[in-house]
Structures are given as structure tokens and as C-alpha cells.
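Right, one structure below, let's go through it.
The values are calculated or read from the model by the stated rules, or taken from the named source; none is laboratory data. Please read all numbers here as calculations on a predicted model, not as lab measurements. Heads up, the Cβs are rebuilt from the backbone with ideal geometry, glycines too, and the neighbour counts pull from every protein chain shown. SASA here: full protein model, heavy atoms, side chains in, ligands and nucleic acids out. Shrake-Rupley method; radii C 1.70, N 1.55, O 1.52, S 1.80 Å.
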Amino acid sequence: DTEVTQTPKHLVMGMTNKKSLKCEQHMGHRAMYWYKQKAKKPPELMFVYSYEKLSINESVPSRFSPECPNSSLLNLHLHALQPEDSALYLCASSPRGEKLFFGSGTQLSVL
Amino acid sequence: SQKIEQNSEALNIQEGKTATLTCNYTNYSPAYLQWYRQDPGRGPVFLLLIRENEKEKRKERLKVTFDTTLKQSLFHITASQPADSATYLCGYGSNQGGKLIFGQGTELSVKP
């Protein structure tokens, strides 16, 4: 299995909702990532987990809360988001922190 | 702080020609540079990685170079095809923490 699976593919939420994005990989990769991508812009790094521990937080607002329950799973918990948080959220994994394998993303709309 | 720039937002070429995309960085040499392809609505797909002590890497019709004097990486697609049309992202990384930062991307369009 060489895939990174993200669910859901699309999500619409209100500003008072709480929702979670999920990411799963079964390649035994030690590093997992969350990126945010706005239309016509490059992916922006949000968080990096290494060996299930948060190693990089790129000064992301606390309304985004990552969680790594085990070496195969990565969640992104969302609470009190703003319309400007609407974007494509990409999860990635990497065996050694170099070559990244990306999922297809969750397209998030905040109303 | 380190900056990475891809100097063309869009590149249009004729089928069969060689596409050349440029990635420039400022300040220190990154440990490696990577190139990814991204199609609309999809995640980026890894293409090639080149380390600072390597001058050139090839994979099928793809070639990437790394010039630490010019602080530049060039990405070439030879015998380009319409199916090569996509956005190409350059990313730099360090040997610490697995951080990968992308340039703004170049949208390549190959016309038949």
C-alpha cells in the first residue's frame, strides 16, 4: 500500500462547528505532515510529526489542533474556523523526512 | 530567512520541445531540493530530489541540476507532451526536522 488516504474529500462547516480531518498511511513512514493550500498558491507547511511527536508547528492558530494517535494516523481537529481558513488541506508522509507522499486532500469550505 | 523562488508563474511551450523551469534560493544552500508535479485538485507528486553535493539527476525524460554558485536549480522536461501540463513545485529542505518549503510553482502548458 503506497497511498496516503484523506477523509473526507470535501467538508463544509460553519464557524461554530467542530470537525476533524483524518489521514492514514500504511507505508511505515516515520514523519507525517499537514499542509494548507489556497487556490493558485503553493502548499504551506502547518505541522510536522516525527515518530508520533509534534516536531514543527509553523505558528498555526490554535483553532487548528493536530493529533497523531499512532504511527499510521494523523488528525487535524478544527474549531471556530474563519471563512479565510477555506482551503485544500493536504496530508503527507515521508520515510526519512525527505521525499513526501501526499494524499489528495480535503477541500474545506467555512461558511 | 531562506527564500525560494520560481521565476515563472506560467510557461507555455510547443509539444516536442524541452521545458526548462527555474528555482532560485537566497542565503544558504539547502541540503537538497525537490521537484513535485501537481494536477488541479490533487496532492503534489514527487518527481526528483537532488542534494547540494550533486550536480545533476535524471529520470526518464526529466533532468534536474543544482548549481550552488548560481544558487539555482533547473528542471528540464525533454520531448514534452500535452500530458506534462501541470503545476511544478520546487521545494527546499534541511537535514533537520524534515521541513519542506515550496516555491510558488510554475504552471506548465504544453500545446499540441
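Can you find a residue in the stretch A:26-49 that is over 27 Å from residue B:34 (Cβ atoms) and in contact (Cβ under 8 Å) with a residue 12 or more places away in the chain? Lay out the reasoning, then the answer.
Restricting attention to the stretch A:26-49, the residues satisfying the condition of being over 27 Å from residue B:34 (Cβ atoms) are none.
Checking the stretch A:26-49: not a single residue is over 27 Å from residue B:34 (Cβ atoms) and in contact (Cβ under 8 Å) with a residue 12 or more places away in the chain.
Could you count how many residues in the stretch A:54-84 are crowded, with 19+ Cβ neighbours inside 10 Å and either touching a Ser or Thr at 6+ places or on another chain (Cβ under 6 Å) or closer than 19 Å to residue B:43 by Cα (or both)?
Residues in the stretch A:54-84 being crowded, with 19+ Cβ neighbours inside 10 Å and either touching a Ser or Thr at 6+ places or on another chain (Cβ under 6 Å) or closer than 19 Å to residue B:43 by Cα (or both): 2 in total.
Only one of the numbered conditions (1) within 14 Å of another protein chain (Cβ to nearest Cβ); (2) out of contact with any helix residue (DSSP H, G or I) (no Cβ under 9 Å at 6 or more places or on another chain); (3) in contact (Cβ under 8 Å) with a residue 60 or more places away in the chain is violated by residue A:79, and that is (1). Yes or no: the stretch B:18-26 includes at least one residue that is within 30 Å of residue A:53 (Cβ to Cβ) and away from every other protein chain (no Cβ under 13 Å). Among the residues of the stretch B:18-26, at least one is within 30 Å of residue A:53 (Cβ to Cβ) and away from every other protein chain (no Cβ under 13 Å), which makes the answer yes.
Here residue A:92 does not fit the description of being open to solvent by 70 Å² or more (accessible area, probe 1.4 Å) and either outside any loop (DSSP other than H, G, I, E, B) or of a type in the set (A, V, I, L, M, F, W, C) (or both). Taking the stretch B:51-63 as the range and being modelled with pLDDT of 95 or more and touching a Leu at 6+ places or on another chain (Cβ under 9 Å) as the test, the residues that pass are B:57, B:58, B:59, B:62, B:63. Taken together, the residues in the stretch A:1-12 that are at pLDDT below 95 and either open to solvent by less than 60 Å² (accessible area, probe 1.4 Å) or β-branched (Val, Ile, Thr) (or both) amount to 1. Screening the stretch A:29-53 for residues that are open to solvent by 20 Å² or more (accessible area, probe 1.4 Å), more than 11 Å from chain B (Cβ to nearest Cβ) and part of a strand (DSSP E or B) and picking the one that is farthest from residue A:87 (Cα to Cα) gives A:53.
For the stretch B:27-65, taking the residues that are touching a residue at least 40 places away in the same chain (Cβ under 8 Å) and of a type in the set (Gly, Ala, Ser), the one that is farthest from the other protein chains (Cβ to nearest Cβ) is identified as B:29.
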